[in-house]
């Protein structure tokens, strides 16, 4: 029997059937599970959830006394690595979090969700302070970078994939986290020194801090600052750089990324029209990571691109990006990044849900539609590197005219079907 109860009434031995709340209001990827350890129970009670649905046929009911054991209970089992990471993320006060890994995408998603939840609070406070004209306290956001870096090193695709495929998220918050994760993954791939990798992640978080200082009253059209006039939008670079200069603790690398990340290699960018090597390397990296994520986002002037289409568009934009850094970026996220819709030779439509580190052109996909029958099919996972030529990618899928949800909703649903019960 299903029963909705307050989170405060949860007890050990209850079976959680459903969380009443958004995905970012709790750190769990798997929705249905038996509460068997105190750490998991504490994590749920400390979340933003106010109610859950329990299944009394699979676990304890409210007010029912737990069965008395006939003998001394066994020693509690050691917490799983994922549970330990989630607990440490929620309780940590130190800045640095050690990376342990590698782990699978499914194993990392719970931790990635917990990191995103904690980061939301820290970034929200930082952005609100900026809007009020207060100086940025970098010490309060630096732990976010350490967590993201640790996650990326455990699994390079999990955090970015989660940001790309989860809908319930404020644009500025999601963009900051996505760019930070892309920056640390790219810097790690480029084998930069450890401190530079950390600072690249911090730069990703703060690239668009100047948006909070734009001379605009009220909410922007469509909730997206890019819908402001170009004259107003372009000011966010100078305003952000000026705001960050007030913090004496910020490294020059972060300041350079903020000031130069809208410059182009051919000199047609802003605010200074710098070109080639006159643009600091970190800013050339930031331009790529920032542009890639913005290509994916729908706004009034156009719809968001498929991740694989975004890669194609960036490679075709001659003169915009450092070609060598762009090449390494494509190696980092893949020609078909997580979240890309692809057409298989079997005439199935699928979405990329994970990379294959040994064969980047043959990732792991989740098939969901058959062009032969014109109908949705039971979602199922296909590891292309382990299959035959009938299951190879022919190109980016064209979903127009099909009886399918909008791209963003479909991306979330497919990602959910692939990982909800895998963690």
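The values are calculated or read from the model by the stated rules, or taken from the named source; none is laboratory data. Computed from a predicted structure; not experimentally measured. Note: ideal-geometry Cβ built from the backbone for every residue, glycine included; neighbour counts use all protein chains shown.
A few notes on this one:
- Only one of the numbered conditions (1) surrounded by fewer than 19 Cβ atoms within 10 Å (Cβ to Cβ); (2) part of a helix (DSSP H, G or I); (3) at pLDDT below 95 is violated by residue 293, and that is (1).
- Selection over region 234-256 of residues that are in contact with a helix residue (DSSP H, G or I) (Cβ under 6 Å, 6 or more places away or on another chain) and modelled with pLDDT under 75 gives a count of 2.
- Yes/no for residue 284 being out of contact with any helix residue (DSSP H, G or I) (no Cβ under 9 Å at 6 or more places or on another chain) and at pLDDT 95 or above: no
- Residue check for residue 218: loosely packed, with under 15 Cβ neighbours inside 10 Å, over 21 Å from the mean Cα position of the chain (by Cα) and at pLDDT 90 or above: no
- Residue within region 269-276 that is over 27 Å from the mean Cα position of the chain (by Cα) and either within 12 Å of residue 206 (Cβ to Cβ) or outside any loop (DSSP other than H, G, I, E, B) (or both) present: yes
- Some residue of region 381-394 being in a helix (DSSP H, G or I) and either buried (at least 19 other Cβ atoms within 10 Å of the Cβ) or in the same structural domain as residue 32 (by TED's automatic domain parsing) (or both): yes
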